[in-house]
Each structure stands twice: as C-alpha cells, then as structure tokens.
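*Asks:* Attaching a single structure in structure tokens format; questions to follow.
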Amino acid sequence: MSVVQEDRVWQTILGDIEITLSRANYLTWFKNTRVVKQTDTELVVGVPNIFIKNQLEVKYSQLIQDTIHKNGLPIETVVFKIQTTNRRDEPEPVPPPQANPLPSKASEKSGASPAPLIGGLNDKYTFENFIVGAGNELAYAACQAVAAEPGTKYNPLFLYGGVGIGKTHLIQAVGNALLAVNPKTLVIYITSEQFVKDFVDALRSKRASDFAGRYRAADVLIVDDVQFFAGKEKVQEEFFHTFNTLRQADKQMILSSDKPPKDIPTLEERLRSRFVWGMSIDMQNPDFETRCAIIQSKAAEQDISLDTDVVEFLATQFQSNIRELEGALNQMLAFCELRGLAPNLAIVSGLIGSSVGRPKHLSARQIVERCAKYYQISLEDLLSPKRDKDIVLPRQVAMYLLRSELHLSFPKIAHELGRKDHTTAIHSVEKITKESEFDPTLRTAVNDIKDKLYA
Ligand code: ADP
Ligand code: MG
C-alpha cells in the first residue's frame, strides 16, 4: 500500500476521533501520531513517548476499535510504537501486537459476519501485574482456582464490587491465564452491554441461532457487568439458556457486577438463583498499602520509581477507584515527561489539586485579573479590542487558563473577555497549548499565574 493510502486510513480514524473527544484530549493524545507501517490488517502508529503510547493503549483502544469498525476499515490490530525524535528517549522494543484475537472457532461458527468486537481479552490484564492485598485477595484466590481448574469448582464465579476496583482486570486475567496454557481454549470475554447489542443485532438480521451457537460453544464465557441485564427480559431469557448449556457441559462461566445478584433490579429469579450457584465474592476497595503498591507497580511498568511521599499522597487522594488513581498517576507522569521533570510532591499535589478541588473557589474574573496583573497591563486594556502585541498575549493566556482551569466553553471564554466571536478563543487556546510546550518563558508564565491563582 502506498504511503498516501496508509495515511488515509489513520487520517480517517483521526478525523472521527477528533469530533468525539474534547479538544484537549485530542491534542494531547492523538495529534502527534502518524502511520509508520500498514499491512492488510495491521496498522503501526508512531507516537512521541511512552505516556502517550500507554494512554492510547489503555484508554483509547476501544474508541479506536469502534472507529475502525464504524468506518468499515479492514484493520484488525493497531500497534503503537514510540518514534524517537528526542535524544532523551530510549528506543522502545515494539511490544507484540495486542491482538485480542477473536477465538478462531467463534469466528468460524459465525460464518460470514464475524463480530469483531467480541471475544476481546486485553492481554495487559494478567495475574502477574495484579497487586494482591486486603480487599481483593479472596477474589484473586478464587480466580486463580478457576484458572487452575476451569469448570470444576466455583461455577459460575461471580465477582461484585464498586467501580474501578479490579473486577475486569481479574476476570480477564483468568481468560489470559487459560489461553497461555492452551491457546486453543475458546475463551469469550464480553460485556453484558455488548452481549445485549449482539443479541439485538442478531434478532434484527435473523441470525439468532448463530448468536446462540457462538456463545454456547465457549469453553469459558466471561461476562462483565451483568447488572446491565436488568430489565431486559429477552436477553435474560437468552442468557439463561446459554448459562444452562454451558453449565451442563461443565464449561466455566465468570461474571462480574457492580452489585450482588440479589440487588440487581428486575433480574429474573431463575437467573438470580443461578448466579449464586457457584461462588460469589464481594470485592472491597483495596486498602492503603495495596493502593501504594499498585501505584509503585504502575510507575515501575513505565520505568519510573516514585518517592514514598508522592505515592502516599496519591493513595490518600484516591481511596476507591483504581482507574481514577491510575489516570491521575499517568497524568502526572505525562506532565513530568513533557517537561523533563522528576515527579515530586509539589508537582503531584498541584496537578491533583487542579483536577479535584480547585475550580470551586476560582472565578473567571480572578483568572482574567491575575493575567492582567502578571503582565502588568490594565484590566481595561485586556478586555479592550486593542491588538497591541503586549496585550494580545496576556489575553490569549487568560483564554487558555479559562479553558484549562475552569473548562469553560469557547463562547463563554469569548464572553468573559468581551468578545463576540468565539473562534478567537479557540485559536488562542490552541496557540498557547502548543507554544507552551516549546517556549519555556511562556510555560513559566502560565505556571506562575496558576501558582498565584491557587496560592
Ligand atoms: P472494575 O472492572 O472493577 O471497574 P478494572 O478491573 O477495570 O475495574 O480496574 C481499573 C483499573 O485499575 C485497571 O487498569 C486495573 O488494571 C487497575 N487495577 C485495579 N486493581 C488493581 C490491582 N489490584 N493491581 C493492579 N491494577 C489494578
Ligand atoms: Mg469493569
């Protein structure tokens, strides 16, 4: 394929993603990516650093998959590769593609219309990188037992607990462990929402029997977040039959939910009772030490070791949701990486403060005034139509901060600065975002203003 065409595929994907995401997210994670190589089904995309790579793999792979699917593109895997433009970066070995292959039996069975988004285990969820501690040790032990002898004890295994505490990680780890022992095992991992969607599609296209056959052929069926079956009678009935078929054949089922079966509203009694036939385990929030260990291990995966005070600060700020904890950690690491700084307590508390409590006591007017003061110009000038160079920059910085700190809409930002047209606000925010990456003076100014705002 020619370079032009290669690029077009990724550009198509980017075009779609750009309108889905917020501007800042798009700029931060997608803007500096480009196609390095493409085969018929694989796209290798170059990214500037490990944080972006990590973020794209962890956070955006589903969006990318969905976008590929939506546009009917033939790509099955997208691999991210760090493209070093900067001496500081060490070239990274390219990881094996995160294939998440559809179990081949399943695609054969479903004939001409493979359902590319089912069956997708993410190979980053393993037992090895799961930190065991108070709160999750029982669930971990049960999952290991199931991985050792699927279909014999604890069938189904039902894990429930709050958001972001590792349910998906653990149940996928079982699937990955089984595949590692025997790659031919037909492990199907699916969220209940996807199951519902597939079911509806199958009914619509009159392929209900394909649908039934696909799931009933599984050696191991993992259904995530079954609370979404609530209220969906037809789906519950279908799942009931799938359940019985698999159970009779001693095939392992693993289910997760954000609440115990008895608390899932409008779940048919016969399903409710089956869900607790095997073993159900209440997963708790990981305790402080476990959270600290999780932070350390996630940082270590990126080759970074953090000081204890930084780790403890993060573990204190994020008490329940490990996904949020991870997000904050990655945000901090990305921030430091882009600026060539070593993470420390001041940075992390500044950053986390900005995403947690900050805007409460900060008004748009304070930001505008602070910018005028910093640049030693009058508020009148800043709000005036004047286009002098030494007034334009402070105005742009003010717009940027209204966006980054208060997340105001562009029309609101324009309004705060006495402007009617919001395109200026868009340009300003873009310009400062971009320039502060390269211009140390500007970056210092922005950071100084922020420090004063939150002092
Ligand atoms: P849930 O399905 O319970 O909402 P996830 O399994 O998606 O939560 O976990 C959210 C994130 O936190 C994932 O990236 C997962 O890898 C991570 N995580 C949660 N618990 C642990 C743990 N004990 N060790 C390592 N990572 C964890
Ligand atoms: Mg989950």
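Readers should treat all values here as calculations from the given coordinates under stated rules, not as data from a laboratory. In this text, all values refer to a predicted model and were calculated from it rather than measured experimentally. Heads up, the Cβs are rebuilt from the backbone with ideal geometry, glycines too, and the neighbour counts pull from every protein chain shown.
*Asks:* In a shell of Cβ-Cβ distance under 12 Å around S192, excluding S192 itself, what net charge do Lys and Arg (+1) and Asp and Glu (-1) give?
*Replies:* For residues surrounding S192, the net value is -4.
*Asks:* Taking other Cβ within 10 Å of each residue's Cβ, how do W29, W277 sort, fewest first?
*Replies:* W277, W29
*Asks:* Under 8 Å for C-alpha pairs, at least 6 residues apart: give me the relative contact order for region 288-355, rounded to a whole percent.
*Replies:* Taking the mean separation of contacting Cα pairs over the length of region 288-355, I get 33 percent.
*Asks:* In µm²/s, what is D for region 159-292 at 4 °C and 1.567 mPa s, where D = kT/(6 pi eta Rh) by Stokes-Einstein and Rh is the Kirkwood radius from Cα pairs?
*Replies:* 83 µm²/s
*Asks:* Once each part is reduced to its C-alpha centroid, what is the distance from region 147-186 to region 194-266 in angstrom?
*Replies:* Region 147-186 and region 194-266 have Cα centres separated by 16 Å.
*Asks:* For R207, R214, what ranking results if the residue with the fewest other Cβ atoms within 10 Å of its Cβ goes first?
*Replies:* If I rank by nearby Cβ atoms, fewest first, I get R207, R214.
*Asks:* Just how large is the dipole of the chain about the Cα centre, in debye to the nearest 20, putting +1 at every Lys and Arg Cβ and -1 at every Asp and Glu Cβ?
*Replies:* Once rounded to the nearest 20, the dipole reads 1060 debye.
*Asks:* In the chain, with Lys and Arg counted as +1 and Asp and Glu as -1 at Cβ, which of these residues, T39, G231, V392, has the Cα nearest the positive end of the dipole, that is, farthest along it?
*Replies:* After comparing all options, I get V392.
*Asks:* Among K53/K81; K124/K167; K389/K450, which pairs are too far apart, with a Cα-Cα distance over 19 Å?
*Replies:* K389/K450
*Asks:* If you don't mind, there's one more thing I want to ask. For a quick check: with amide H placed at 1.01 Å from N, whose amide H comes under 5 Å from Q38's, ignoring anything fewer than 5 positions away on the same chain?
*Replies:* V44
*Asks:* Next question, about the same structure. Tell me the Kirkwood radius of region 288-355: reciprocal of the mean inverse pair distance over distinct alpha-carbon atoms, in Å.
*Replies:* 11.6 Å
*Asks:* With both partners inside the chain, how many of the DSSP beta bridges are antiparallel, as a percent to the nearest 5?
*Replies:* DSSP beta bridges in the chain are roughly 15 percent antiparallel.
*Asks:* P(r) tail for the chain, what percent of Cα pairs lie past 37 Å?
*Replies:* 37 percent
*Asks:* With Cβ to Cβ distances under 15 Å as the rule, what net charge do the other residues near A173 carry (K, R +1; D, E -1)?
*Replies:* Cβ neighbours under 15 Å give a net charge of -2.
*Asks:* Can you put C143, C336 in order, fewest other beta carbons within 10 Å first?
*Replies:* Ascending number of Cβ neighbours within 10 Å: C336, C143.
*Asks:* Give, to the nearest whole percent, the P(r) tail of region 222-336 beyond 17 angstrom, counting all Cα pairs.
*Replies:* Everything past 17 Å amounts to 63 percent.
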